[in-house]
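The values are calculated or read from the model by the stated rules, or taken from the named source; none is laboratory data. The structure presented is a predicted model; accordingly, all values stated were derived computationally and were not measured. Positions of Cβ are generated from backbone atoms using ideal geometry, with glycine treated the same way; all protein chains shown enter the neighbour counts.
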Amino acid sequence: MVLFQIFISYGMLGLLLISLISSIIPIPTEPVVFELLNVAKKQTELVLIVYIVGSIAGAYIGYFLGKYELRKIIPFHNKENEQMMQKHFQKYSAALLLISPWIPIVGDLAPMVAGIENYETKKFLVVISIAKTIKCIAIIYLSIKVIHWWSLFR
């Protein structure tokens, strides 16, 4: 696909950009990660670090979009319902944020929901950093395994 080729052609900067964007808009990063790992075999750690930083920064941007912009657009008319929603979100938010990177499309909205619900910024950063790091490591690991497996058949 042409979109992925553009990101791949920019190398690590392309990976940083797509990982930032994909944390806000559901665009898969895996094709770019896979191709960069395939091309830059000795730069696995750099690919991993750029991927993690971009993913966490993208989620943080989504959080702040929710907290400061979307909150203005989505007014709560009933303060009692708003408080009830915030109470439930506070109770289950850590679990939701931990699994959100693995949920296609909807998972990209979790940081924005956390922002809308005024989830504590420090807690958000810790939880989303753990979740995104685990996902990035898993994707890198699986990509390396697939590349190795694929090379056996060439």
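It is to be established whether one or more residues within the range 46-59 are modelled with pLDDT under 90 and either loosely packed, with under 14 Cβ neighbours inside 10 Å or in contact with a helix residue (DSSP H, G or I) (Cβ under 6 Å, 6 or more places away or on another chain) (or both). Break it down stepwise before answering.
Just the residues of the range 46-59 that are modelled with pLDDT under 90, to begin with: none.
No: the range 46-59 contains no residue that is modelled with pLDDT under 90 and either loosely packed, with under 14 Cβ neighbours inside 10 Å or in contact with a helix residue (DSSP H, G or I) (Cβ under 6 Å, 6 or more places away or on another chain) (or both).
Within the range 1-56, can you find the residues that are among the β-branched types (Val, Ile, Thr) and under 11 Å from the mean Cα position of the chain (by Cα)?
Within the range 1-56, Ile18, Ile21, Ile24, Ile25, Ile27, Thr29, Ile52, Val53, Ile56 qualify.
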Inset, instruction - With the condition kept exactly as written, say whether any residue in the range 71-92 is of a type outside the set (Phe, Trp, Tyr), more than 23 Å from Lys145 (Cβ to Cβ) and under 19 Å from the mean Cα position of the chain (by Cα). - result: no
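Determine which member of the set Val32, Val53, Val47, Val2 is out of contact with any Asp or Glu (no Cβ under 6 Å at 6 or more places or on another chain), under 14 Å from Ile128 (Cα atoms) and among the β-branched types (Val, Ile, Thr). Let's see the steps before the verdict.
Details: Val32 fails: under 14 Å from Ile128 (Cα atoms); Val47 fails: under 14 Å from Ile128 (Cα atoms); Val2 fails: under 14 Å from Ile128 (Cα atoms).
Checking each option against the conditions leaves just Val53.
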Inset, instruction - Kindly list the number of the only condition in (1) in contact with a Cys (Cβ under 7 Å, 6 or more places away or on another chain); (2) free of Cβ contacts under 8 Å to residues at least 40 places away in the same chain that fails for Gly11. - result: (1)
Inset, instruction - Mind listing whichever residues of the range 20-36 are within 19 Å of Val146 (Cβ to Cβ) and crowded, with 16+ Cβ neighbours inside 10 Å? - result: Thr29, Pro31, Val32, Val33, Phe34, Glu35, Leu36
Inset, instruction - Select from the range 97-128 the residues that are polar (S, T, N, Q) and either outside any helix (DSSP H, G or I) or crowded, with 16+ Cβ neighbours inside 10 Å (or both) and list them in ascending order. - result: Ser100, Asn118
